[in-house]
Amino acid sequence: MRHLRLQNCSIQPPSAFRGFDELVSLELYDITFSSELLNILISRCPLLEKLVLQISSILNHIQIDAPKLRSFDFSGGINDISLMKAPLLEKLSLFNTAVPSGKAGQLDLAKYFESFPALEHLNLDYLSVQVYYAALIDPVRGDVVNDIPASFSDVTLNHLRVVKLEGITGTKPEIELIKLLLAKSPMLVKMLIQPNKGKVFAETRLKVLCRDNKISKSIT
């Protein structure tokens, strides 16, 4: 079996389950399972190239260990998500519906992006950014907008071409991420930023940022 799509069911594999050696595409929609079971399932699909997860329940932690993965699309509630080994990943889309609990550890964004150097398309929403910065949700000060932390000095996203950020509110993590992507993506041709509705601060900050960096921005 090379392609598997499941919807509206519960997964309870037998204890003798060894995985799917030939599976290249896995799509799960409204499936009931634990984070631990999902991690095991993914790790036992060594040839997996496409992963789609649309989960209605809130999961604690997802650990993606898929060296052949090229496309990952996640929509649902998650407190923490990590992509450990995805050197071939080209498309990453994360839409998180769970408010960060504040208990998840902070992510080293420099090391995070080093995990998938082949990335071409990136789509994140507000909560997907915040889940990695549970302790940094204050609006960024004007004097740090142009700062890029020294830890990013060796990060280069040579293949990133399209970025879409949705529901942006003008917090420090978001501005840091935008500046990082602009500075470290030499092949970037389009960045679409959609501010959170009603956030005047975010809209003002992003207008300045987009003007200074000639970014394509959409306000809806």
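The values are calculated or read from the model by the stated rules, or taken from the named source; none is laboratory data. Every value quoted in this text rests on a predicted model; they were computed, and no experiment measured them. All Cβ positions, even for glycine, are placed from backbone atoms using ideal geometry, and neighbour counts span all protein chains on display. Keep in mind that these areas ignore ligands, DNA and RNA; they rest on the heavy atoms of the full protein, side chains included. Shrake-Rupley method; radii C 1.70, N 1.55, O 1.52, S 1.80 Å.
Here the label points at ARG5 and VAL189, each 7 Å from Cα along the C-beta direction, are separated by 2.9 nm in the simple model. Under 5 Å from the amide H of THR32 lie the amide H atoms of CYS9, SER10, ILE11, each residue being 5 or more positions distant or on a separate chain, with H modelled from the backbone and absent for Pro and chain starts.
Under the convention that each Lys and Arg Cβ holds +1 and each Asp and Glu Cβ holds -1, the size of the dipole of segment 1-98 around its Cα centre is about 200 debye.
Ordering of 13-25, 43-55 by packing is 43-55, 13-25, highest average first (other Cβ atoms within 10 Å, averaged per residue). Solvent-accessible area assigned to carbon and sulfur over segment 1-98 amounts to 50 percent, based on a 1.4 Å probe. Other residues within the sphere of radius under 9 Å centred on the Cβ of HIS61, judged by their own Cβ, net out at -2 (K and R +1, D and E -1). Residue-normalised convex hull volume from the C-alpha trace of segment 1-98: 83 Å³ per residue. In this structure, the residue pairs whose Cα-Cα separation is over 21 Å, taken from LYS50/LYS179; LYS164/LYS197; LYS91/LYS190, are LYS50/LYS179.
Based on protein heavy atoms only, segment 1-98 ends up with 50 Å² per residue of surface accessible to a 1.4 Å probe. Residues whose amide H falls under 5 Å from that of ILE78, counting only those 5 or more places apart or on a different chain, are LEU59, THR97, ALA98, with hydrogens built in the peptide plane.
State, as an integer percentage, the relative contact order of segment 1-98 based on alpha-carbon contacts under 8 Å between residues 6 or more apart. Mind showing how you got there, number by number?
Numbers: 234 pairs, mean separation 21.5, N = 98.
22 percent.
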